[in-house]
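Novice: Next up is a structure, given as structure tokens.
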Amino acid sequence: MRAEQRSVGQVANISGDYEVETGNDDTSAVNDRAWWNFHTSVAYDGDIADLDVLAFNIRTDASTNFPNPAFGPCFADFRLCGFFLDARNNQPNPTSTYTDLYQVSENPEFSWFTTASDNDANPDGDFDYDEEGAWFLTLVAVKGGIFTDVSICIHTLSANCLSPLVVYTCDGFDPPMDKTVSVKKKNRVLPLKMVCTDSAGNELTDADIDPPIVQVVKTASSEAATIGDEDLLSAGQGDTGNEFTYDGNFWQFNISTKNFTGTGTYEISVAPGGSDILVGSPTATFVIQ
């Protein structure tokens, strides 16, 4: 990803920090075109539709007019995220190295923000785009549990981005929760342990990410239990709240089954805490007899 000033090209980049100007591109015959834009491209050796997730997130960190667009998964191209494909590149555009090359060029004041408006103190009827702001952009691709991500900050002289988003995945759960558990005794405790890492494989602690969230949903399906509850923790060892805690080696949470009185199948999943992006996480299943 990069930021560009029209008629100038890529602007100064220091570790993903792009400083851009406000105002219109006065070299253009079109008077409602902002002076700068960002450019995103994905080069993929294969069919890009085979990616499990291709997702784009833009976060408004400093601006008075523009909210955060929705974040969501994209398959095959960016259009499912509400972004247009750059028609100049005749998508997809194979090269000698990659079979698919998708590109997007856009300015935050266009398309998926509020309708462009005259921001002058003395309105003259044209679009001046003199809004000060800072935008943090993140692109994520996931395939077979392996992911990569890239982020940049684009900001005007007087604005700055907030703390970066963290994109991560979690692996687990450890036994006995790696199999469907049959809970026959009241007030047993289900021990959950997992390890979370970034795209480079670095383990993430409570100093790196907000605590992940435990989610439990009763499902319509009926799972066949593979193990009994002999290996579960005894009553009284359950955690309160819904956040994992980091113990120095694992992210862990102990779910008390006393909160689930109805017979049936329940699925445990993990959600990210805060504004971080979780691209993959374990699930567990237990059956109340």
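The values are calculated or read from the model by the stated rules, or taken from the named source; none is laboratory data. What you are looking at is a predicted structure, and each value in this text was computed from that prediction instead of being measured. As a convention, Cβ positions derive from the backbone with ideal geometry for all residues, glycine included, and neighbour counts pool all protein chains shown.
Novice: If we only count strands (runs of 3 or more DSSP E) wholly inside region 132-251, which ones have 1 or more residues that are under 17 Å from the mean Cα position of the chain (by Cα)?
Specialist: 134-143, 146-155, 167-172, 189-197, 213-219
Yes/no per residue for (1) under 18 Å from Val167 (Cα atoms); (2) among the hydroxyl-bearing types (Ser, Thr, Tyr); (3) touching a strand residue (DSSP E or B) at 6+ places or on another chain (Cβ under 6 Å); (4) assigned by TED's automatic domain parsing to the domain that holds Arg59:
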{"residue": "Glu203", "(1), (2), (3), (4)": "yes, no, yes, no"}
{"residue": "Asp208", "(1), (2), (3), (4)": "yes, no, no, no"}
{"residue": "Ala220", "(1), (2), (3), (4)": "no, no, no, no"}
{"residue": "Gln237", "(1), (2), (3), (4)": "no, no, yes, no"}
{"residue": "Asn242", "(1), (2), (3), (4)": "no, no, yes, no"}
{"residue": "Thr261", "(1), (2), (3), (4)": "no, yes, no, no"}
{"residue": "Ser269", "(1), (2), (3), (4)": "yes, yes, yes, no"}
{"residue": "Gly274", "(1), (2), (3), (4)": "yes, no, no, no"}
{"residue": "Thr283", "(1), (2), (3), (4)": "no, yes, yes, no"}
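Novice: Does region 180-196 include one or more residues that are touching a Gly at 6+ places or on another chain (Cβ under 6 Å), in contact (Cβ under 8 Å) with a residue 24 or more places away in the chain and either exposed (fewer than 15 other Cβ atoms within 10 Å of the Cβ) or aliphatic (A, V, I, L, M) (or both)?
Specialist: Yes: region 180-196 contains one or more residues that are touching a Gly at 6+ places or on another chain (Cβ under 6 Å), in contact (Cβ under 8 Å) with a residue 24 or more places away in the chain and either exposed (fewer than 15 other Cβ atoms within 10 Å of the Cβ) or aliphatic (A, V, I, L, M) (or both).
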